[in-house]
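The values are calculated or read from the model by the stated rules, or taken from the named source; none is laboratory data. Since this is a predicted model, take the numbers as computed values, not measurements. Using ideal geometry, Cβ is built from the backbone for each residue, glycine included, and neighbour counts are taken over all protein chains shown. These area figures cover heavy atoms from the full protein model, side chains too; ligands, DNA and RNA do not enter into them. Shrake-Rupley method; radii C 1.70, N 1.55, O 1.52, S 1.80 Å.
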Amino acid sequence: MIENDREVRGPRRVTALLATTSALTAANIYLGQPLLGSAAAALHVPPATLGAVPTATQIGYAAGIALLVPLGDSRDRRRLVLGLCAASAGALAACALAPTAGLLVVAAFVLGVLSPVPQLVAPLAVALAGDRSPGRTVGTVQAGLLVGVLASRTYSGALAELAGWRAVFGCSCASTLLLALVLRRALPTVPAARAVPYRELLASVPRLFATHPAVRRITVSGALVGVSFGAFWTALTFLLEQSYHYGPTVVGLFGLVAVAGALASTAAGRQAERFGRRRAVLASIAVTAAAWAVLLPGGSGILWLTVGVVVLDVGTWGNQVVCQGALFTLDPALHSRLNTCWFTLRFLGIALGSLVGSFAWAHGGWPAVAAVGVAASLAALLVAGLPERTARTERLERAEGNGACAALVVGIRPAVTAGPARDRRSVVPGRTRRRG
């Protein structure tokens, strides 16, 4: 009994540590949003100019996901995580010391490139946990990501109020270095995966996107939801500071308001199983679009704004849950690259939303920002609602997709070992053959 308890506690401790890793590294991406006003004043530039900081960070993050996360399918994830933590600490130090707005934007871009640790941590946690409840393990790590994303705004806003915006990046640099040291001592050695040429890994990602209509539909609609999300959170800082005259602390507290909505969205996965993934995806996007109807009066009413934040985050985070669930019904050997497709387009969408949201605020105020959010949400609804193929065509596509997936998984053994012909027919994804 004691031995079994020790075996269970060990993986649980590692999973908790990796959830903390996901929280801290994800928080680094969103530190700059509540700081735009104070940093612009210190650097003597218009606030809208520093809207390029979150845009650069998100573009860098998308680039890092596209270029680095595929390595998780063929390299030692432990070494990748440790190296990225150390390198991102250096980028945070550069942000803290940036003497001009231009250098701050460059440092923010580099920080984004070096920060896709959460996308590497989830499969690492599953590998270290062995066969024990992989779904629960991934859920724990994703909960850490969620807490980090939302709490970062509160943390950075409150600390900036006390010690200035540079102190926020400096403290995050120190905590990320400390995290790297803890991980170096606490994480067990992970056997290196079978090496695959880097070019082949990267080349397989666009092929995966091109050969699967479902992947295209889900990721493109997710990117459009990201446009809505990025436009809101970037313009919200300007709205709260210029229209409501709130400081960075109150701006950051809106991250805690969003926690309630985002945590409620975790039920989306269960609803997807109950009502079907396609309906769940469409419903989550519809909630995002409806949120903007609530947010529009928020330009002059704080209650509308508060309620709208909750509704928007329910839709946005619920959309992420159900979309990733739909993607992960494909070949498990492709999950790192499916993560790459999803998060690359998602964060490119958020980056575009940050840029367009800043432009809309500068030229049309809050109504223009709301128009951007509504347009992006409706476009996402249109893409996600594209007609599906007939059931027979879908079955044939899945069967063909198995062959395409096998070609894409270069140098990686398939998750299911082929047996006799009649056994192979029973493992087509999405079909369960009842056997007497």
Report task. Working carefully through the options Arg337, Arg346, find the one that is open to solvent by less than 20 Å² (accessible area, probe 1.4 Å) and either modelled with pLDDT under 90 or outside any helix (DSSP H, G or I) (or both). Result -> Arg337
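Here is a yes/no grid of residues against (1) out of contact with any Asp or Glu (no Cβ under 7 Å at 6 or more places or on another chain); (2) open to solvent by 10 Å² or more (accessible area, probe 1.4 Å); (3) over 11 Å from Val14 (Cβ atoms); (4) modelled with pLDDT of 95 or more:
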| position | (1), (2), (3), (4) |
| --- | --- |
| Pro118 | yes, no, yes, no |
| Ala125 | yes, no, no, no |
| Asp131 | yes, yes, yes, no |
| Pro134 | yes, yes, yes, no |
| Gln142 | yes, yes, yes, no |
| Val147 | yes, yes, yes, no |
Requested in this report: Test Arg194 against the criterion of being at pLDDT 90 or above, surrounded by fewer than 23 Cβ atoms within 10 Å (Cβ to Cβ) and over 21 Å from the mean Cα position of the chain (by Cα), and give yes or no.
Outcome: no
Requested in this report: Filter the stretch 181-191 down to residues that are modelled with pLDDT under 90 and among the hydrophobic types (A, V, I, L, M, F, W, C) and give me whichever is surrounded by the fewest Cβ atoms within 10 Å (Cβ to Cβ).
Outcome: Ala186
Report task. Working carefully through the options Ala101, Ala56, Ala39, Ala89, find the one that is touching a Lys or Arg at 6+ places or on another chain (Cβ under 9 Å) and open to solvent by less than 30 Å² (accessible area, probe 1.4 Å). Result -> Ala39
Report summary line: Matching residues in the stretch 349-367 (on the phi < 0 side of the Ramachandran plot and open to solvent by less than 30 Å² (accessible area, probe 1.4 Å)) number 9
Requested in this report: Check whether at least one residue in the stretch 71-87 is over 15 Å from the mean Cα position of the chain (by Cα), of a type outside the set (Phe, Trp, Tyr) and over 30 Å from Leu208 (Cα atoms), and report yes or no.
Outcome: yes
Report task. All but one of (1) surrounded by fewer than 21 Cβ atoms within 10 Å (Cβ to Cβ); (2) touching a residue at least 60 places away in the same chain (Cβ under 8 Å); (3) among the hydrophobic types (A, V, I, L, M, F, W, C); (4) within 18 Å of Thr340 (Cβ to Cβ) hold for Val69, so report the exception by its number. Result -> (1)
Requested in this report: Mind counting the residues in the stretch 11-27 that are closer than 28 Å to Leu240 by Cβ and open to solvent by 10 Å² or more (accessible area, probe 1.4 Å)?
Outcome: 3
Query - Residues being among the small types (Gly, Ala, Ser), under 15 Å from Phe169 (Cα atoms) and under 15 Å from the mean Cα position of the chain (by Cα) - total across the stretch 17-43 - result: 2
